[in-house]
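The block underneath contains the structure these notes are about, expressed in structure tokens.
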Amino acid sequence: MKEDKCNNILAKPSGITLGQHRSDVMSEVSDICQIFIGTCEKYKKLTGKDLAMRLSVSAKWHDNGKACPKWQEACRKDFQSYQLWKHNHPTCSFKEYSSEKRNEAGYNLRTVGIRHEFYSLKEAVVTNMPIPILAAIAAHHGKLGLAFEDKWTSCPSFKQFWNEFRKTSNDISEKESLALVCDKLLEFDTIRGLLQFADHRASAKEDKEPVPGLNCFNYRFPFENKRGIQKLVEDNWNNDILLVRAPTGAGKTDASLLWASRQIAVHKADRLVIAMPTRFTANALSVNVAATLSDTGLYHSSAWYSKYSKVQNGELDMKEALAQQKMANLLATPITVCTIDHLLMSLTFTQESHHLICSNLANSCVVIDEADFYDDFTLANIIFLLKVLHNWKVPVMIMSASLPESALQLYRKAGFNIESILEDKESDSYNKCFNIKKLIEYDDIQDINYLLKYCIERGNAIIYLNTVDKAIKVYKEIKALVLGSGKDIPIILYHSRFTEKDKQRKENMLLDNLGRKAWNNGTAKGIAILTQIGEISINISSELMISEICPIDRLMQRAGRLCRFDNSVGEMYALIPYKDNTLYPAPYGSYSQNKKSWIPCKALLSTIDILKAGIYSAQDLVNILNKVYSEEAVFSIKAQTNVQALEQMLINNWLMNPVEKWNDDDTHSNSWRSRDIGPQGLVFVIKPACTHFYNYSEYMEFVLSYSISLPVYLLDKGRKEHRIDSDCKITIGSNDPIFINVIRDGFYTFDIGVDLTNNEEDNFL
């Protein structure tokens, strides 16, 4: 189609012409290819084709179907309506018009029944374009999926395209070859994802919306001298995979950034993705990394709150916050910190965005930090992720203070050639010691009352409990003891059942009282009562620690907060919890519904059997770690079945999005789960002031500020005990009303969080 003709054809009811929009998209494509050099080079090696050329062709043809007379007629009617409105609102944009006149704006295009991408294909096919380009054109509005089959097959001329896509998909899927599917994914999705990315960026700029820049990874080592583990990583950067074991405080984060800078410098990758075990640890690391690096994205189900809090404080515009969050979601920032769940979920291809996420992932270098070994369910998923990354030739680094030697054989099964685990045994961190003063079996809090009094006497301590319910009970007990003592000691309870806003306040309190600055200034004082979310995510220290027993890899993380900022020898008291004269292992095991009791995992039992009172160095703990995990991990039937479901989803959905719905929290689809946890639901700590939300974004602001995710069984228990009401009705936009859960007054406070349970059958952390 000639350019002069395109300049007379509308691309949008805002008045943007097809010629202008095409030029804008092609300009974005050019910028993408200039910045993502590694992506272009990898594509050339894989396919023998020029990515820049293919993207340019797809950009040129993707919207040509808008020249269809019926589509143009509808678009011009909508444009005229906009012009009439704009006459009385001369300074307002089409976006503002759409917001004010939701039903009127774009009405004719919504009702004309024309999918312009179908007509774009009809024009493009006569040029004998390769099918990856045709698929990109077909999918650039997310309609290349089984949910839209009726639209494709309603017209014979479009049905042929649909049949060709189905045939291409099935021909590859039926071979059941993960390697083949991974190759095809890269060939198709690189064009598919980047065309959509360029189209969305061009459209946002045309609508005068904020668009984050496309920036390169830029890192300079911030210290004068490199530490041992940092030198080791830099010397071995060219390995396909690195396993790095180093104690807390050894400099692993900067080691990973050094490693990534080498990968990106030689175009083996264009960006760094750091995958953390939970959103809490992801939060902490993103803050850590962003302190020395700009353009660090954070993504998980509630990550936007960190941006939203800046919006509330006037530091950031709402639209800018949303745009940055979207970039992080797509792994399009130079560095993205996310959860492992987010990467795993993208392999299901249950959302159109997964195609771009996977394309960006395939052209990244990936750091996986602190993967739990006791959790075979999640570990099985991670091994599958590594198989995919290996097929995509993605450089991988796995870091932890608690990597057992048996990990070597396990990760080799993902296809990587690994000779050894890297560690700097000459480091001071390996010689640092702590003292397990005593292992104590206990059934009731009163059994350890003397230890709680000792914490008060010392003035600083960290107490780890394995369940939220137990943590709340210990908090109440020690609060009463402090009150009775007449001493002024901050007592801070931190677990997962606080709102995001209160979690941030809690984290700040912990850092103010027990963080590095407080210790350096000689003002450190306070008792922190934590569950598992405080193992990695909070950079605090104490001279005294009381911890319920847990698998050795988790205990190593906890011990890393003893005398964290100096070389003194801290004290630890290890508690072995009992209930009714039976070991109570929650959450380190599985709950039997038949027996109504917990079955401890092997790693916990082995840790209890091996661990004795005495002084331990980091190396001593590694020796115990290797004993506890001496055998190669054997995945349960449940874990194997689950990961097989993920593999089938990738193989079946690689080209055509399924009808299957996805879960918004990035943890599961209908047939697969990223981790073995029960279903969750939202509960709000206050009733909304207004029960009608203008749109979903407005509702999400309320969710981020005032909601908590709880296991469904706790929600049910809260309703039965009349602590949670479920009769609050709200509406979002023009959707049907829904009911939300609201906690009654008195059952949520900033000090305690949600307090719903009276027993300890509680594995939600």
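Every number in this text was worked out from the coordinates using simple rules, so none of it is lab data. These figures come from a predicted structure and were not determined experimentally. So basically every Cβ, Gly included, is an ideal-geometry build from the backbone, and we count neighbours across all protein chains shown.
Points to keep in mind about this one:
- Fewest-first ranking of Thr190, Thr127, using other Cβ atoms within 10 Å as the exposure measure: Thr127, Thr190
- For a straight C-alpha distance cut-off of 19 angstrom, the aspartates and glutamates reachable from Lys720 (same-chain residues fewer than eight places away being disregarded) are Asp469, Asp745, Asp755, Glu760, Glu761, Asp762.
- Close amide-amide hydrogen proximity is noted between Tyr464 and Leu530, Ile546, Ser547, Glu548, each under 5 Å apart and 5 or more residues distant or on a separate chain (H modeled in the peptide plane; Pro and chain starts excluded).
- Burial ordering of Met345, Met649, fewest other beta-carbon atoms within 10 Å first: Met649, Met345
- Between the alpha-carbon centres of segment 374-441 and segment 160-204 there is a gap of 33 Å.
- Relative contact order computed over the chain (Cα-Cα under 8 Å; 6+ residues apart), in percent: 13
- Listed pairs Lys66/Lys208; Lys42/Lys268; Lys12/Lys77 exceeding 18 Å between Cα atoms: Lys66/Lys208
- Counting only residues at least eight positions apart within a chain, or on another chain, the aspartates and glutamates with an alpha carbon under 20 Å from that of Lys432 are Glu423, Asp424, Glu535, Glu543, Asp553, Asp566, Glu571, Asp620.
- Two numbers describe the Cα atoms of the chain: Rg and Dmax, which are 27.8, 86 Å.
- The angle between the Cα long axis of helix 449-458 and the main principal axis of the chain comes to about 80°, on a 0 to 90 degree scale.
- The angle between the Cα long axis of helix 279-290 and the main principal axis of the chain comes to about 80°, on a 0 to 90 degree scale.
- Between 0 and 90°, nearest 10: helix 51-61 axis offset from the chain longest Cα axis: 50
- The largest-to-smallest principal axis extents of the Cα set in segment 678-754 are 33, 24, 22 Å.
- Couplings for segment 25-32, taken from phi via the Karplus curve 6.51 cos²θ - 1.76 cosθ + 1.60 with θ = phi - 60°, read 5, 5, 5, 5, 4, 4, 4, 4 Hz in order; Gly and Pro are left as x.
- Reach of Lys479 by Cα under 17 Å, taken over lysines that are not fewer than 8 positions away in the same chain: Lys453, Lys470, Lys487, Lys506, Lys525
- Here the relative contact order of segment 432-628, from alpha carbon pairs under 8 Å that lie six or more residues apart, stands at 31 percent.
- Exceedance of the 24 Å cut-off in Cα-Cα distance is limited, within the set Lys101/Lys151; Lys49/Lys184; Lys596/Lys717; Lys437/Lys517, to Lys101/Lys151; Lys437/Lys517.
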